[in-house]
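Colleague: I have a structure here, written as structure tokens, and I will follow up with some questions on it.
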Amino acid sequence: TGPSEPTTPVVSAPQPPATSPAIPPVAANSTMAPLPGMEAQVAGIGEATWRAPSSWTAGPARAMRKGTYLFSGTAGQAELSITAFPGDVGGLAANINRWRGQIGLPALDEGSLRAQSISKNVGGYDSHIVWLQGDTTSIMGAIVPRAQDTWFFKATGLAGTLEEHRQAFADFLETVTF
């Protein structure tokens, strides 16, 4: 017998809902203009598959993203962005410190950042899971470095909402395959 079929659909390119709920201000205002040629490089990165929790809604398609999900909690809305870029995109410290800066936290040295991240296997790759709490907005994320590219799974929202979805996020990461 072969492997059993998943109970929820495997998604690689989510379709946007008819209407999108509001997203946190940081997520809405943190888009960066892509560097020349970057969109073509990102488009050339292979796909991944995953199963999103039923409580998450596929968000609108956005440039440079492999997926977007929206979810709610008692503290409000949150958004998960899934992106992938060629190479290491500056490395672990640069990426976590960029996220820290997005929510008003100071940069830390690589040793401190590694001590505050959790190592986890995601899709067969050693990855780094972080929980960053700012004054008004928080981030829970996973950075998945691979030989040729790096994948980012970053949820942004109020800490209460992210905390309510922390286990769902961990379960979601278990379904990621490359």
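The values are calculated or read from the model by the stated rules, or taken from the named source; none is laboratory data. Keep in mind the model is a prediction, meaning the values are calculated, not measured. Note: ideal-geometry Cβ built from the backbone for every residue, glycine included; neighbour counts use all protein chains shown. Side chains included, ligands, DNA and RNA excluded: accessible areas come from the protein's heavy atoms. Shrake-Rupley method; radii C 1.70, N 1.55, O 1.52, S 1.80 Å.
Colleague: Is it the case, given these coordinates, that residue 47 is open to solvent by 70 Å² or more (accessible area, probe 1.4 Å), acidic (Asp, Glu) and at pLDDT 90 or above?
Modeller: Values: open to solvent by 70 Å² or more (accessible area, probe 1.4 Å): yes; acidic (Asp, Glu): yes; at pLDDT 90 or above: yes.
When the stated conditions are applied, residue 47 passes them.
Colleague: Restricting to the stretch 103-146, name every residue that is in contact with a Phe, Trp or Tyr (Cβ under 9 Å, 6 or more places away or on another chain) and open to solvent by 70 Å² or more (accessible area, probe 1.4 Å).
Modeller: Across the stretch 103-146, the qualifying residues are 116, 118, 125.
Colleague: Kindly provide the set of residues from the stretch 92-116 that are of a type outside the set (A, V, I, L, M), more than 18 Å from residue 136 (Cα to Cα) and touching a residue at least 24 places away in the same chain (Cβ under 8 Å), ordered by number. Before the answer, list the steps.
Modeller: Step one: filter the stretch 92-116 for residues of a type outside the set (A, V, I, L, M), giving 95, 97-102, 104, 106, 109-112, 114, 116.
Now drop any that are not more than 18 Å from residue 136 (Cα to Cα), which leaves 95, 109-112, 114, 116.
The answer is 95, and nothing else.
Colleague: Also, quick follow-up: Under 9 Å by Cβ, and 6 or more places apart or on different chains, what pairs join a residue from the stretch 31-48 that is closer than 16 Å to residue 82 by Cβ with one that is open to solvent by 80 Å² or more (accessible area, probe 1.4 Å) and at pLDDT 75 or above?
Modeller: 45/148; 46/148
Colleague: Look through the stretch 147-158, keep the residues that are more than 14 Å from the chain's Cα centre (by Cα) and more than 15 Å from residue 70 (Cα to Cα), and return whichever of them is surrounded by the fewest Cβ atoms within 10 Å (Cβ to Cβ). Lay out the reasoning, then the answer.
Modeller: Residues of the stretch 147-158 more than 14 Å from the chain's Cα centre (by Cα): 147-149, 158.
Still in the list and also more than 15 Å from residue 70 (Cα to Cα): 147-149.
Working: 147: 7, 148: 11, 149: 19.
Within the stretch 147-158, the match that is surrounded by the fewest Cβ atoms within 10 Å (Cβ to Cβ) is 147.
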